[in-house]
Structures are given as structure tokens and as C-alpha cells.
1. Which residue, of Ala85, Ala59, is assigned to a helix (DSSP H, G or I) and either within 17 Å of the chain's Cα centre (by Cα) or aliphatic (A, V, I, L, M) (or both)?
2. Quick check on the range 35-52. Is at least one of its residues surrounded by 13 or more Cβ atoms within 10 Å (Cβ to Cβ), among the small types (Gly, Ala, Ser) and at pLDDT below 95?
3. Check His143, His139 and return the single one that is within 26 Å of Thr11 (Cα to Cα) and not in a loop (DSSP other than H, G, I, E, B).
4. Counting only residues that are under 17 Å from Ala74 (Cα atoms) and not in a helix (DSSP H, G or I), which one in the range 119-136 is modelled with the lowest pLDDT?
5. Checking Asp167 against (1) under 19 Å from the mean Cα position of the chain (by Cα); (2) within 15 Å of Val35 (Cβ to Cβ); (3) surrounded by 12 or more Cβ atoms within 10 Å (Cβ to Cβ): exactly one of these is not met. Which one?
6. In the range 101-118, which residues are more than 30 Å from Gly33 (Cα to Cα) and part of a helix (DSSP H, G or I)?
7. If you check Ala55, Ala74, Ala9, which single one turns out to be touching a strand residue (DSSP E or B) at 6+ places or on another chain (Cβ under 8 Å), hydrophobic (A, V, I, L, M, F, W, C) and surrounded by 15 or more Cβ atoms within 10 Å (Cβ to Cβ)?
8. Looking at Gln42, Gln99, can you tell me which residue is out of contact with any Ser or Thr (no Cβ under 8 Å at 6 or more places or on another chain) and either over 26 Å from Pro153 (Cβ atoms) or among the aliphatic types (A, V, I, L, M) (or both)?
Amino acid sequence: MTTATEVGASTEFATEFRDMMVAALRRELAVTGRVIEAMPEQNFDYRPAPKSKAAGELAWHMAYGTIEMLRGVADLKFKMENEPAIPDKAEMLRIWMTQFPAALERIDAMTPDQLMTPVDFFGAFTQPVFTYLPIISNHFIHHRGQLTAYLRPMGGKVPSIYGGSADEPWQP
């Protein structure tokens, strides 16, 4: 089991790292919102294979799960609860566009000592809470990538993410 003492980061590093990660996460807000918005709601039940999550489930897991993990950082405690029922696309987008930045604001306000607090991650390992920010970023970007692969087969268009797509060419 990894322990908080193995990381060896200073409070100055934790604060600068948090600032960098929060800025990067803020840049992902609108892009991810555009992916949610591109989903044809009538096909929320689309799944590319029987074992795959349905599109609506995947989008909600990405949005709700990310927000809850960010809240876990701010609360200094991760909790495992069942995801609420999948909302319609407009509500999912509203939740993403309001609660994601609100959670980032809470993290942005954390003190250096709070950032260094060792926090258990669902019994898997314990680390200073600031070290979970890249895990959270990777989690939702991974699921966003899965979701973009669903878009065309379910009748949607893939928005520009880090550059143009066949559906939305890059505009320099």
C-alpha cells in the first residue's frame, strides 16, 4: 500500500501543482460540455457492444463521477455512492457546467496543509489529496474519449476537441 510519506512533496509544490491542475481542468470544461451536447438524446441507450455502458450511462458516469471525485478532494474524503438516475441531456449539461467549476473553486480555495492531507482512495492507497487531481483528469478524459467514439454510430457529430474533427474542422 502506498502511503502519504512516500510522495515527499512540499506544501509549495502541492500548491503550485494544484494551481496547474485546476487551470488545466478549467480548460476541459467547455470541451466536455460540447461532447455532452453533441449526444443525440434519443439514442442514450446506444452501446457499441453488449458489455459496454450505454451512451447515457457513460456520459453520466463521466460527468457525475468526475464532480464527485473533485468534491472528494475538497472534502478530504472520497465516498462511494450509487450514481443518481441519468438526467436528460439538458440537465446533465447544466450539472456539468455549474457543478464542475464549483468543485474546482473549492479545490482552488484549499490551504497548503489541506492539500497535503493524506486521504484514502477507496481502500486502494493513501496519498496527499492533491495527488488525486491527475487521476481525476485522466478518468474523465478517458471516458470523454470513449463517448466521442460513440457519437457518430449513435447519430451525432464529433465536436472539435484539441483540434478539428471530420465533423467540425479546425478553424485557425
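The values are calculated or read from the model by the stated rules, or taken from the named source; none is laboratory data. Predicted model, so just to flag it, every value in this text is computed and none were measured. Every residue, glycine as well, gets a Cβ built from its backbone with ideal geometry; the counts of neighbours run over all protein chains shown.
1. Ala59
2. no
3. After ruling out the rest, the residue left standing is His139.
4. Across the range 119-136, the extreme among qualifying residues is Phe122.
5. Looking at each condition in turn, Asp167 falls short on (1).
6. Pro112, Asp113, listed by residue number.
7. Criteria check complete, one pass: Ala9.
8. Gln99
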